[in-house]
Amino acid sequence: MPIAISDYNQQLISFLNSSSTPFHAVEEMGRFFAAQGFQYLPENMPWHVTAGKSYWTCREKSALIAFTLAGSTKADSGFRFLAAHTDSPCLQIKPRPEAFNNGFYQLGVELYGGPLLNPWFDRDLSLAGRVCGQTAEGKLTVLLIDFRRPLLTIPSVAIHFDREANSGRPINQQQHLPPILGLSPDEQASSFSTLLLARAKEQHPAMELSEILAYDIFCYDSQPASISGLNGEFLCSARLDNLLSCHAGMRAIADAGN
């Protein structure tokens, strides 16, 4: 049965708000396919599949494949497929990001993809991604974390200090983009890995992590997706490139199997 456009938009908004990084998008799609009755296939185990059944698999929390086998086994029955990418242009935290300038605690960032830079200024930014950690027993594990609150900002200089701000002022990626995380006049703030470890322990207490070894962490706009326009004509959100296609694709795959 066709879904009402208002219901579809609300499902899309929920997906966008939950998919703060590509890894979280993959996790959300995995939950969706599991709820739709798709059987999970572990990548490192033999697969036993049946014609007419639906399945999904995932690689390293960053890529997902879902499919439904046709009831016919004839080679000439053909196949249909679609693809979309889960990542969007953004600012990624550097491996050693800590920087202290004039009493501010900042994080070094690098460009991921080809983002528009001006929209990142004066936003309530948060952090999310995946971490590779070591447990108290010495085992390695990869976990997703999301601070889920405004945490950073990249402030613009007041107009009376930069009279050319509205005249095509260039942005220096190294000088202008490192977001402010907090105040640290004595430059004694906790390391970024320590902050990640604390958040990972909050979100995954059962794992008993003892150390963060590596991470893929991204800045994201913490403002949730919304419907706007005089008559609700528009849907506004970050990461529409390309999560809109991911959501439409996963719905199409699930609906085609019914």
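The values are calculated or read from the model by the stated rules, or taken from the named source; none is laboratory data. Treat the numbers as computed from the prediction; the structure is a model and nothing was measured. Quick reminder, even Gly has a Cβ in these numbers, built from the backbone with ideal geometry, and neighbours come from all protein chains shown. For the accessible areas, the whole protein counts, side chains as well, though only heavy atoms, and no ligand, DNA or RNA atoms are used. Shrake-Rupley method; radii C 1.70, N 1.55, O 1.52, S 1.80 Å.
Residue check: is Q134 polar (S, T, N, Q), more than 19 Å from L181 (Cβ to Cβ), in contact (Cβ under 8 Å) with a residue 24 or more places away in the chain and part of a strand (DSSP E or B)? Even if it seems obvious, please write down each step before you answer.
Details: polar (S, T, N, Q): yes; more than 19 Å from L181 (Cβ to Cβ): yes; in contact (Cβ under 8 Å) with a residue 24 or more places away in the chain: yes; part of a strand (DSSP E or B): yes.
Yes; evaluated as a whole, the condition is true for this residue.
Of the strands (runs of 3 or more DSSP E) that lie entirely inside region 159-243, those containing 2 or more residues that are acidic (D, E) span 209-221. Residue check: N166 meets all listed conditions (1) touching a strand residue (DSSP E or B) at 6+ places or on another chain (Cβ under 6 Å); (2) open to solvent by 40 Å² or more (accessible area, probe 1.4 Å) but one, namely (1).
Just to be sure, is I217 open to solvent by 40 Å² or more (accessible area, probe 1.4 Å), β-branched (V, I, T) and touching a residue at least 60 places away in the same chain (Cβ under 8 Å)? No. Pairing residues of region 1-12 that are small (G, A, S) with residues that are open to solvent by less than 100 Å² (accessible area, probe 1.4 Å), at Cβ distances under 9 Å and at least 6 apart in sequence or on separate chains, gives S6/I227; S6/G232.
Which one of these is of a type in the set (S, T, Y) and open to solvent by 50 Å² or more (accessible area, probe 1.4 Å): T135, T68?
Being of a type in the set (S, T, Y) and open to solvent by 50 Å² or more (accessible area, probe 1.4 Å) holds for just one of T135, T68, which is T68.
Of the residues making up region 101-118, one or more are crowded, with 17+ Cβ neighbours inside 10 Å and either closer than 24 Å to K201 by Cβ or without any contact (Cβ under 8 Å) to a residue 12 or more places away in the chain (or both).
Run down T68, T50, T57, T73 and say which single residue is more than 30 Å from L181 (Cα to Cα) and at pLDDT 95 or above.
Working: T68 fails: at pLDDT 95 or above; T50 fails: at pLDDT 95 or above; T73 fails: at pLDDT 95 or above.
It is T57.
When region 175-207 is filtered for residues that are open to solvent by 50 Å² or more (accessible area, probe 1.4 Å), farther than 20 Å from I145 by Cα and touching a residue at least 12 places away in the same chain (Cβ under 8 Å), the ones remaining, listed by number, are H176, L183, P185, E187.
I need the full set of residues from region 220-258 which are under 29 Å from L107 (Cβ atoms) and crowded, with 16+ Cβ neighbours inside 10 Å, in order please. Hits for region 220-258 are Y220, D221, S222, A225, S237, A238, R239, N242, L243, L244, C246. Scan region 14-28 and give yes if some residue there is open to solvent by 40 Å² or more (accessible area, probe 1.4 Å), modelled with pLDDT under 95 and within 23 Å of the chain's Cα centre (by Cα), otherwise no. No, the conditions are met nowhere in region 14-28.
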